[in-house]
1. Hey, can you find the accessible area per residue of the stretch 58-111 for me, probe 1.4 Å, expressed in square angstrom?
2. Per the 1.4 Å probe, what fraction of the accessible area of the chain, in percent, lies on carbon and sulfur atoms?
3. For the chain, take every pair of Cα atoms, bin their distances at 10 Å starting from 0, and report each bin as a whole percent.
4. By DSSP, what percent of the beta bridges with both residues in the chain are antiparallel, rounded to the nearest 5?
5. Let me know the charge dipole size of the chain about its Cα centre in debye, to the nearest 20, where only the beta-carbon of Lys, Arg (+1) and Asp, Glu (-1) is charged.
6. On full extension of the chain, what length is gained from Ala220 through Phe104, given 0.36 nm per residue of separation minus the C-alpha to C-alpha distance?
7. To the nearest 10 square angstrom, what accessible area does Arg22 show with a 1.4 Å probe?
8. Please tell me the relative contact order of the stretch 124-229 in percent, rounded to the nearest whole number, where contacts are Cα pairs under 8 Å and at least six residues apart.
Amino acid sequence: MKTGLYIHAAGPGLDALVGRVRTAAEAGLDSAFFSQLTSWDALTVVALSAQQVPGIELGTAIVQTYPRHPLALAGQALTAQAASGNRLTLGVGPSHQQIIEGQFGLSYDRPARHIREYLSALRPLLRGEHVEYRGETLAVTGQVDAPGTKAPSVLVSALGPVMLRVAGELADGTVTVWTGPEAIADHIEPTITRAAAQAGRPAPRIVATAMVSVTADPDAVREQVAGQLGFASQFSSYQTMLDRQGLSGVHETVIAGDEAAVARAIRRYAEAGTTELLVSPVGTDAEQARTLDLVASLRDEA
């Protein structure tokens with residue numbers, strides 16, 4: 001199982017975000033992925049980071065699809081791919097109704113159909129092909145000219161069975177959030193792997209994100225996460241996944257404890273079929289530093 005750093009692209013300045021990528025690279029991690037919020041643009045930060053930090057894989061988890069036409073996203077992604085020397089993994093997803101309708105003022109109609117059609121247009125655009133596509137939710141005519149770039153690996157934020165089937169058929173894998181090892185082993189891995197096999201595609205990447213803290217006070221860390229991100233528990237796709245795991249809130253998915261407890265939890269992700277774990281350190285600065293040290297040491301074991 002590869003290990004990377006999950007970076008929230010909001011709050012700190014650009015130099016600080018690039019610094020976090022450098023920290024991940026110096027720790028020997030495999031990758032650094034950026035979220036896409038209403039702050040810095042994740043793909044632009046990927047391009048900037050790539051120019052200053054060699055070697056490490058860079059990605060997005062995830063870029064929302066509804067506000068970005070496939071032609072526009074393909075052009076932006078291939079620009080970042082060129083800037084990174086073909087080190088980009090493009091994570092995309094429909095996001096949530098509260099965000100797409102509440103913030104962007106767009107319709108969140110039929111998200112699974114939207115993603116199927118979006119990928120049907122996006123993947124050939126990323127390969128430099130001319131696309132003529134007319135679907136129920138979008139239309140695309142055109143081509144992106146980006147000499148010297150390879151199509152990046154594409155992941156889809158997929159939690160439910162329909163979205164996992166779409167990801168298995170049309171993408172290179174999934175990137176999950178708020179999912180523990182049991183949910184990956186029992187639901188995520190078999191569903192997407194079966195879909196990929198039926199479509200004649202290679203075994204999919206299963207990229208899991210997890211909030212992690214090496215701490216002497218796990219309850220305090222989880223309370224902090226509940227206060228900052230508890231609202232996410234109300235998003236329908238997250239609520240369904242939490243219900244599947246018998247959990248009441250996203251804070252209950254946080255991995256927290258001493259080094260031995262956290263190491264055991266991380267190893268369970270590998271045993272469950274996770275191909276890559278993206279760690280988001282939480283807690284105090286000291287706890288986050290301890291967390292990164294532990295994750296780096298576990299990566300060295302592998």
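The values are calculated or read from the model by the stated rules, or taken from the named source; none is laboratory data. Worth saying up front: this structure is predicted, and the values here are computed from it rather than measured. No Cβ is skipped: glycine too gets one built from the backbone with ideal geometry, and neighbour counts run over all protein chains shown. These accessible areas exclude ligands, DNA and RNA; they are computed on the full protein's heavy atoms, side chains included. Shrake-Rupley method; radii C 1.70, N 1.55, O 1.52, S 1.80 Å.
1. For the stretch 58-111, the per-residue accessible area is 36 Å².
2. 50
3. With 10 Å bins starting at 0, P(r) equals 6, 28, 38, 23, 5, 0.
4. Details: 4 of 39 bridges.
Once the DSSP bridges in the chain are tallied, antiparallel ones form about 10 percent.
5. 860
6. Length difference between fully extended and current span is 38.3 nm.
7. Accessible area, nearest 10 Å²: 80 Å².
8. Working: 129 pairs, mean separation 20.9, N = 106.
Result for the stretch 124-229 is 20 percent.
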